[in-house]
Amino acid sequence: MSREALLKLLRCCIDCGAPIITELSSGAGGAAVTAAGRCSVCFRDFWWRSSDFVPGTRTAHVDLWTSAAILFSGSQITQALRMFEFMDVTVVSRGTYHRHQSTYLHQAIRHVWERKQRAELQRLRECERVVLGGDGRCSQVGHSAMHCTYSMQDCSTGKIVHVEQVHVSKTIIIIFTMKLHFCIDTPLMLVED
């Protein structure tokens, strides 16, 4: 938002048309702008802000939306902040971004994931034949990996039905498959490729 353009917009009183003395202030660590002013003739006070706030907090919607856009697009926070800096756009700080992640965004992601996973597992329970494929990705390349993120996909729809981070061992596939068996309550046959 251009500071000069906003001041032009707010330069006249809406009641009498006289000039107003306007002061703009930015919220700490964010893009929300507040304008306050007083008419020089009728002395009417006015107040305007560029964004509403999350109820009961000092978090501006525009700041939360910016953090969500950075996270959900898969962008790195450092690169996104550098881009906004080059554009001379005031946005959330790194600390505010991480606070938004832990306070709002991770909970929202978990809520949506669990809801969609429940629906998908329910759909699988109703199927006569289920074909699942699984694959893991280890935390490090080679023999020194300690953890593996293993995902199971419904091959007919391409949807991920379960994700698990587990300690690396030879029995990882069997344990993972058994957990999934209890989730969908359908006999599973393990076929290794």
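Bear in mind these aren't lab numbers, they're just calculated from the coordinates by the rules spelled out. Remember, it's a predicted structure, so these values are computed and weren't measured experimentally. Because the Cβ atoms are built from the backbone with ideal geometry, glycine has one as well, and the counts that use them run over all protein chains shown.
If you count, for each residue, the other Cβ atoms within 10 Å and average over each peptide, how do 91-103, 151-163 line up from highest to lowest?
91-103, 151-163
Amide H neighbours of residue 13 under 5 Å, at least 5 residues apart or on other chains, H built in the peptide plane: list them.
The answer is 18, 20.
Would you calculate the separation in nanometres between label points at residue 93 and residue 58, each defined as 7 Å from the Cα along the Cα-to-beta-carbon direction?
Taking the simple label geometry, residue 93 and residue 58 are separated by 1.1 nm.
For residue 161, what residues show an amide H to amide H distance below 5 Å, using hydrogens built from the backbone and excluding near sequence neighbours?
Answer set, sorted by chain and number: 152, 153, 154.
Roughly how many whole Å is it from the C-alpha centroid of the stretch 145-165 to that of the stretch 70-95?
30
Computed FRET efficiency, Cβ-Cβ of residue 18 and residue 49, R0 22 Å: what is it to the nearest 0.05?
0.45
In nm, to one decimal, how far is the modelled label at residue 36 from the one at residue 112, with both set 7 Å along Cα→Cβ?
If labels sit at residue 36 and residue 112, their model points lie 3.7 nm apart.
Applying the Karplus parametrisation 6.51 cos²θ - 1.76 cosθ + 1.60 with θ = phi - 60° to the phi angles of the stretch 49-57, what ³J(HN,Hα) value in whole Hz is obtained for each residue in order, glycine and proline being reported as x?
Karplus-based 3J(HN,Hα) across the stretch 49-57 equals 9, 7, 8, 6, 10, 4, x, x, 9 Hz.
What is the set of long-range amide H partners of residue 53 at a cut-off below 5 Å, with H atoms built 1.01 Å from backbone N?
Placed amide hydrogens put 61 under 5 Å from residue 53.
Under unit Cβ charges (Lys, Arg +1; Asp, Glu -1), what dipole magnitude, rounded to 20 debye, does the stretch 60-167 have relative to its Cα centre?
In total the dipole reaches around 180 debye.
Kindly write out, for the stretch 59-76 in residue order, the coupling ³J(HN,Hα) from the Karplus curve 6.51 cos²θ - 1.76 cosθ + 1.60 (θ = phi - 60°), rounded to whole Hz, with x marking Gly and Pro.
Going residue by residue, I get 8, 6, 4, 4, 6, 5, 5, 5, 4, 5, 5, 5, 5, 5, 7, x, 6, 7 Hz, with x marking Gly and Pro.
Step through the residues of the stretch 96-104 one at a time and calculate ³J(HN,Hα) from phi using the Karplus curve (6.51 cos²θ - 1.76 cosθ + 1.60, θ = phi - 60°), rounding each to whole Hz and writing x for Gly and Pro.
Working through the residues one at a time gives 5, 4, 5, 5, 4, 4, 6, 7, 10 Hz.
Projecting each Cα onto the charge dipole of the stretch 1-136 (Lys/Arg +1, Asp/Glu -1 at the beta carbon, about the Cα centre), which of 60, 21, 84 comes out farthest on the positive side?
60
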